[in-house]
Amino acid sequence: MEYTILDVETNESFNCREDEPLLSAMKRTHKGPIQYGCGGGGCGVCKIHVLNGDFICFKKMSRAHISSEEYADHIVLSCCIKPTSNLIIKKFSQD
Amino acid sequence: MAITKTIRPGLIQIRVLDLDETLDFYKNIIGLDEVGRTSDGRVMLKTYDEFDHHSVVLRKADEAGLDYVAFKMVSEEALEQAKLDTEKFGYPVEVASDEQPGFGKRYSFKLCTGHTIQLYHEVELASDYPMLRNPDPWKEEPRGIRAQRFDHLLCYGPNIAEAERYFMEVLGMFAPEVCNTDDGKRFATWLTGGNKAHDIAFVEYEQPGKMHHFAFYLQDWNDIGHAADLIGKYRVKRDVGPTRHAITRGQTIYFWEPSGNRIETYAGGYAAYPDNPQRVWDVSEVGRGLFYYEGELIPSFLSVVS
Ligand code: FES
Ligand SMILES: [Fe+2]
């Protein structure tokens, strides 16, 4: 199964397999808000906002970077999630 | 050179997000041995070449990063004196209350940079330590990247000039190498209590209490190459290297363990002597100082911390 991920800021889309971390799909396709450090949920550099769609969080995300309020708002670390539907995303920004 | 006050950073406690996955990495990729568990489930580890009870502790938590690092003092008297001098310096000191099997009394305080530092003297020998009589280099072939010891750490936080003064005045350490901004403020400092090029280093950073990396010592450049092979083979998330630092002259690789804490494998480095003049870097040249072969700064190095 493959899902379509749309980055609203660049208006580009790319595919992500259901068993593929979102960050890996961005690295594979060179699309989306690619920014990363540790790849392990610890550094917070890959933080994004999922505006629409469903996903699973397959790896624990550091509380230092994703508060429970943010998680409820679907602000997540792209190295820790896999899509379970098409997604609309954008790079995380403070406002 | 005789070490008169502070022997080395001998204990580090790290927060990890996924205990099982991260522990497997420390055992099989780094090559540490599991010593045991505390009653609250933290895992104690050591390298094959260390003598003391344990040196690395993993604690499962919601965030990655550093809980604390503890320095071993040369004697009980040096420990008590350091406690008094730490209070005189202005940091309130407590006796650490968390369990660390094998360790005697530990004093704990918070440095201006937001990091918790501990001091101790007494620690039992490990049940399994390197041979003493007609010793082989190792008892059993070392595993993984063959880490020999917990070597040093790099902390990010505010007011490192004060932290440097603390380590020099209270713990009797010195800074073989520093880096200053154009207006003459400390941007980074490398500090040691013995002959190693550094035991702890600091970079000036707005957010308190951050850990940039902690490092394991490897035998030599050949072992750095071997570590790079394992990083490739097991798809470890690499940051920088293999390369060389001009600062401290060490040979190095940086990578992340599965919880996002950055680890360095470090070999070589010069012998530091307190009577040698201090080496000074301009911040404009620090990229070359850190990554001598690349000749420039790798952006993730300054911005990614846990
Ligand atoms: S890359 Fe570090 S948390 Fe995702
Ligand atoms: Fe280092």
For segment B:196-227, name all the residues that are open to solvent by less than 30 Å² (accessible area, probe 1.4 Å) and without any contact (Cβ under 8 Å) to a residue 60 or more places away in the chain.
-> B:A201, B:I224
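Could you list all residues from segment B:13-40 that are polar (S, T, N, Q) and open to solvent by 30 Å² or more (accessible area, probe 1.4 Å)? Quick ask: steps written out before the conclusion?
Step one: of segment B:13-40, the residues polar (S, T, N, Q) are B:13, B:22, B:28, B:38-39.
Correct list: B:N28, B:S39.
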Give segment B:230-262 a look and list any residue that's within 12 Å of ligand 2 (Cβ to nearest atom) and within 14 Å of chain A (Cβ to nearest Cβ), or say none.
-> B:D239, B:V240, B:Y254, B:R262
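Among the residues that make up segment A:56-67, is at least one of them assigned to a strand (DSSP E or B), within 22 Å of A:Y3 (Cβ to Cβ) and either within 14 Å of chain B (Cβ to nearest Cβ) or at pLDDT below 95 (or both)? Break it down into steps so the answer makes sense when it comes.
From segment A:56-67, those assigned to a strand (DSSP E or B) are A:56-57; that's our starting set.
Remaining after also requiring within 22 Å of A:Y3 (Cβ to Cβ): A:56-57.
Right, trim to either within 14 Å of chain B (Cβ to nearest Cβ) or at pLDDT below 95 (or both) and you get A:57.
Yes, segment A:56-67 contains a residue that is assigned to a strand (DSSP E or B), within 22 Å of A:Y3 (Cβ to Cβ) and either within 14 Å of chain B (Cβ to nearest Cβ) or at pLDDT below 95 (or both).
Residue by residue through segment B:202-215, note down the ones that are in contact with a strand residue (DSSP E or B) (Cβ under 8 Å, 6 or more places away or on another chain) and either within 12 Å of chain A (Cβ to nearest Cβ) or more than 10 Å from ligand 2 (Cβ to nearest atom) (or both). Explain how you work it out, then say what you get.
Just the residues of segment B:202-215 that are in contact with a strand residue (DSSP E or B) (Cβ under 8 Å, 6 or more places away or on another chain), to begin with: B:202-205, B:207-215.
Those that are in contact with a strand residue (DSSP E or B) (Cβ under 8 Å, 6 or more places away or on another chain) and either within 12 Å of chain A (Cβ to nearest Cβ) or more than 10 Å from ligand 2 (Cβ to nearest atom) (or both): B:F202, B:V203, B:E204, B:Y205, B:Q207, B:P208, B:G209, B:K210, B:M211, B:H212, B:H213.
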Note on segment B:115-150: residues exposed (fewer than 13 other Cβ atoms within 10 Å of the Cβ), in contact (Cβ under 8 Å) with a residue 60 or more places away in the chain and among the hydrophobic types (A, V, I, L, M, F, W, C) are B:L125
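Yes/no per residue for (1) exposed (fewer than 15 other Cβ atoms within 10 Å of the Cβ); (2) within 14 Å of chain A (Cβ to nearest Cβ):
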{"site": "B:L11", "(1), (2)": "no, no"}
{"site": "B:R42", "(1), (2)": "no, no"}
{"site": "B:D52", "(1), (2)": "no, no"}
{"site": "B:L58", "(1), (2)": "no, yes"}
{"site": "B:G65", "(1), (2)": "no, yes"}
{"site": "B:L84", "(1), (2)": "yes, no"}
Return yes when A:L77 is within 13 Å of ligand 1 (Cβ to nearest atom) and away from chain B (no Cβ under 14 Å) and no when it is not.
-> no
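The values are calculated or read from the model by the stated rules, or taken from the named source; none is laboratory data. None of the values given here were measured: they were computed from a predicted structure. Cβ: placed from backbone, ideal geometry, glycine included. Neighbour counts: every protein chain shown. Heads up: the accessible areas ignore ligands, DNA and RNA and are worked out on the full protein's heavy atoms, side chains in. Shrake-Rupley method; radii C 1.70, N 1.55, O 1.52, S 1.80 Å.
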